[in-house]
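What follows is a single structure, written as structure tokens, with notes after it.
A short reminder: the numbers here are calculations on the coordinates, not readings from a lab. Being a predicted model, the structure only gives us computed values, none of them experimental. Cβ sites come from the backbone with ideal geometry, for glycine too, and all protein chains shown count toward neighbours.
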Amino acid sequence: MGYSQTLNKTKGGSSMNWRSKQLWIRLRAGARKLSNFFWAFTVFSGSLGFLLAGTSSFLGINLISFVPSQEIPFFPQGIVMLFYGIGGLFISCYLLCTISWNVGSGYDRFDRKEGLVCIFRWGFPGKNRRRFLRFCIKDIQSVRIRVKEGPYGHRIRSIDIRGRGVLLLTRTDENLTPREVEEEAVELAYFLRVSIEI
């Protein structure tokens, strides 16, 4: 079929494209990113430290060698440390679950030969675990780039679908440079033969 495969590496991870004259498939990275592993480990380690320090102050035993339990009164410091420790463990478990389930991963498939677009994403376990959208290419009116200004400003790529509204193609946590977002939006608009709006 003569696919031309290109591998695009970005700061937030990697994404892979398969392209030919009639077909463009882009695999989307999910939660299995190095930054998510880092934050899950960091939050788990910190919350475990708080939990041990709070428990030490309650029992009066030095569970952590460099933190003397008698210097931490259980009320209110020990209780607060236990609260932070338990809360941190819940957050780290949530992060580990999203990594394990690879939430947000999937693909975008643009097929000019069949005139169809298929968008697939994995979600959280349940009846909506598989999220699948399918619509006609002729219903795509334009490719849009929305610019968000400010200290954390970024560009968001989306497509305007007749009768369905706007569908985001760029996740807010993707660490793409403005130029990368613009280049891919231009390439997609050219591939779909639609206009581009900023």
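Worth pointing out:
- Val166-Phe37 pseudo-label distance in nm [points 7 Å out on the Cα-to-Cβ vector]: 3.5 nm
- Each residue of the stretch 70-78 is assigned a 3J(HN,Hα), and the resulting list reads 5, 7, 10, x, 5, 10, x, 4, x Hz, derived from the Karplus form 6.51 cos²θ - 1.76 cosθ + 1.60 (θ = phi - 60°), x at Gly and Pro.
- Over the stretch 108-151: Rg over Rh, Cα atoms, Kirkwood Rh: 1.14
- Gain upon complete extension [Asn102, Phe132; 0.36 nm per residue less C-alpha separation]: 9.2 nm
- Selected from Glu183, Glu114, Glu149 as most flexible by GNM, with the chain as the system and alpha-carbon contacts under 10 Å: Glu149
- Distant-in-sequence amide H partners of Leu169 (H built 1.01 Å from N, under 5 Å): Arg157, Ser158, Ile159
- Alpha carbon Rg of the chain, scaled by the compact-globule rule 2.2 N^0.38 Å: 1.42
- Taking amide H positions as modeled 1.01 Å from N, with prolines and chain starts lacking one, the residues under 5 Å from Phe135 and 5 or more places away or on another chain are Val117.
- Computed helical MRE - 222 nm, the chain, DSSP H runs ≥ 4 contributing -39500 (n - 2.57), nearest 500: -11000 deg cm²/dmol
- Modelled spin labels at Val147 and Thr177, positioned 7 Å past Cα toward Cβ, are 1.7 nm from each other.
- Under-5 Å amide H pairs with Ile72, H placed in peptide plane, nonlocal only: none
- Across the stretch 119-131, rounded Karplus estimates of 3J(HN,Hα) from the backbone phi angles (6.51 cos²θ - 1.76 cosθ + 1.60, θ = phi - 60°) give 10, 10, 9, 8, x, 6, x, x, 5, 9, 4, 9, 10 Hz, Gly and Pro being marked x.
- Estimated vicinal HN-Hα couplings, Hz - the stretch 98-103 in sequence order (Karplus 6.51, -1.76, 1.60; Gly, Pro = x): 5, 5, 4, 7, 6, 4
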